[in-house]
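Q: The structure that follows is given in the form of structure tokens.
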Amino acid sequence: MMAAERRTDRLIDRLPPVRGRLSEGSSLANVTWFRVGGPAEVLFKPADLEDLRQFIARKPADVPVTLLGVGSNLLVRDGGIPGVVIRLGRAFAEIRIEGNRVIAGAAALDLNVALAARDAGLAGLEFLSGIPGTIGGALRMNAGAYGSDVAAVLQRATAIDETGDLRQLDHADMGFTYRHSTVPEEWIFVGGEFACNPDQVAAIQERIQSIQQSRAESQPIRARTGGSTFVNPTPHRAWELIDAAGCRGLKLGGAMVSEKHCNFLINTGAATAADIEALGEEVRRRVREQSGINLQWEIKRIGLAADAANTITTKDQA
């Protein structure tokens, strides 16, 4: 792909009109937890659900779309992301209570959903308080922690398919497995409905506090990290395999395996996305060599490598 400033056919000029915001070359490093990565070729922040649906229905078929949440479980490569990156805003962050159900938009923070359920005296979503992401991401990857996951509580989800149509998905339609759903990657989750059980607010709050305390004590939550790096290969735990392979504290460039929890990679301050990805691959190599187990990435890695032929230019560089 040619650099953005040399193009004669700018992508943004090929896109349909929107009521939200379209921008070229917006940096994504500041919105990912690793604080690394290149820019979006075009960033789209839809005004509301209908704006998003119309955009998906009318955009050119050859234009790739990438959905970006709060960037907590994501590594954006240094060359940036071609096509359109969509970030859902406040219009997709509503949380409401209907009886014993919690209905949340895809941009709602997992923690906020857990707290809203608590305030309504509804139990079952406490585990979300230990997951630093949004409901959209949680639906996509069947996020889980502290003894539960999305599959245990989801009743139905709503998504937009590749033609812009709304799809209602029952639990069985999600195809949940460990940290995975089989819903097509092209579909964009816009909300979910969760079944809960009544309980005392104080009891729910006590469980949330316990989860948050455990997380603070065991994970490098104040570091520039992306959360758990590798999927636990049942019946093993990824961190134990990494530790046994001698990778705790391992460094490559500005990236490091956390001393506190070695299934977390850290940007020590000057890392590139390439540093972090290469360190992860070195960890995988050492674990495979030591145990014969091939760790699978849990962090999603997207975008282009940073070479002169395909790096997207930020608006500051143009």
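Q: What do you reckon, is GLU289 surrounded by 15 or more Cβ atoms within 10 Å (Cβ to Cβ) and either out of contact with any Phe, Trp or Tyr (no Cβ under 8 Å at 6 or more places or on another chain) or basic (Lys, Arg) (or both)? Show your work before the answer.
A: Numbers: surrounded by 15 or more Cβ atoms within 10 Å (Cβ to Cβ): no; either out of contact with any Phe, Trp or Tyr (no Cβ under 8 Å at 6 or more places or on another chain) or basic (Lys, Arg) (or both): yes.
Judged against the criteria, GLU289 is not a match.
Yes/no per residue for (1) charged (D, E, K, R); (2) under 30 Å from TRP297 (Cβ atoms):
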{"position": "ASP9", "(1), (2)": "yes, no"}
{"position": "GLU24", "(1), (2)": "yes, yes"}
{"position": "ARG53", "(1), (2)": "yes, no"}
{"position": "LYS59", "(1), (2)": "yes, yes"}
{"position": "PRO82", "(1), (2)": "no, yes"}
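Q: Out of ALA255, ALA270, I need the residue that is under 21 Å from the mean Cα position of the chain (by Cα), in the same structural domain as PRO235 (by TED's automatic domain parsing) and small (Gly, Ala, Ser). Which one?
A: Values: ALA270 fails: under 21 Å from the mean Cα position of the chain (by Cα).
That would be ALA255, the only listed residue that is under 21 Å from the mean Cα position of the chain (by Cα), in the same structural domain as PRO235 (by TED's automatic domain parsing) and small (Gly, Ala, Ser).
Q: Right, next: Mind checking which strands (runs of 3 or more DSSP E) fall wholly inside segment 32-78 and carry at least 3 residues that are more than 24 Å from ALA278 (Cα to Cα)? Give the steps one after another, and end with the answer.
A: Details: elements: 39-45, 65-68, 74-76.
It comes to 39-45.
Q: Mind counting the residues in segment 94-138 that are under 15 Å from VAL153 (Cβ atoms), assigned to a helix (DSSP H, G or I) and not aliphatic (A, V, I, L, M)?
A: Number satisfying all stated conditions: 6.
Q: Would you say ARG224 is surrounded by fewer than 23 Cβ atoms within 10 Å (Cβ to Cβ), in contact with a strand residue (DSSP E or B) (Cβ under 7 Å, 6 or more places away or on another chain) and not assigned by TED's automatic domain parsing to the domain that holds TYR146? Full working, then the answer.
A: Values: surrounded by fewer than 23 Cβ atoms within 10 Å (Cβ to Cβ): yes; in contact with a strand residue (DSSP E or B) (Cβ under 7 Å, 6 or more places away or on another chain): yes; not assigned by TED's automatic domain parsing to the domain that holds TYR146: yes.
Answer is yes for this residue.
Q: While we're on this one: Quick one: is ASP316 within 28 Å of PRO39 (Cα to Cα), acidic (Asp, Glu) and at pLDDT below 95?
A: The answer is yes for ASP316.
Q: When only residues in segment 246-271 that are free of Cβ contacts under 8 Å to residues at least 40 places away in the same chain and within 18 Å of ARG77 (Cβ to Cβ) count, which is surrounded by the fewest Cβ atoms within 10 Å (Cβ to Cβ)?
A: Ranking the candidates gives ALA270 first.
Q: Which of the residues that make up segment 119-151 are buried (at least 24 other Cβ atoms within 10 Å of the Cβ) and at positive phi?
A: Those that are buried (at least 24 other Cβ atoms within 10 Å of the Cβ) and at positive phi: none in segment 119-151.
Q: Of the numbered conditions (1) assigned by TED's automatic domain parsing to the domain that holds ASN30; (2) assigned to a loop (DSSP other than H, G, I, E, B); (3) of a type in the set (Ser, Thr, Tyr), THR163 satisfies every one except a single condition; which is it?
A: All conditions pass for THR163, except number (1).
Q: Starting from segment 141-156, keep only residues that are touching a residue at least 40 places away in the same chain (Cβ under 8 Å), then list their pairs with residues that are in a strand (DSSP E or B) and among the hydroxyl-bearing types (Ser, Thr, Tyr) whose Cβ atoms are within a distance under 9 Å, requiring at least 6 positions of separation or different chains.
A: Between residues of segment 141-156 that are touching a residue at least 40 places away in the same chain (Cβ under 8 Å) and residues that are in a strand (DSSP E or B) and among the hydroxyl-bearing types (Ser, Thr, Tyr), the close pairs are ALA145/SER228.
Q: Among the residues of segment 223-245 satisfying the criterion of being part of a loop (DSSP other than H, G, I, E, B) and of a type in the set (Gly, Ala, Ser), which is farthest from LEU74 (Cα to Cα)?
A: At the first step, the residues of segment 223-245 found to be part of a loop (DSSP other than H, G, I, E, B) are 223, 229, 231-237, 245.
From what is left, the residues that are of a type in the set (Gly, Ala, Ser) are 223, 245.
Numbers: ALA223: 15, ALA245: 24 Å.
Ranking the qualifying residues of segment 223-245, first place goes to ALA245.
The values are calculated or read from the model by the stated rules, or taken from the named source; none is laboratory data. In this text the structure is predicted, and so the values were computed from the model without any measurement. As a convention, Cβ positions derive from the backbone with ideal geometry for all residues, glycine included, and neighbour counts pool all protein chains shown.
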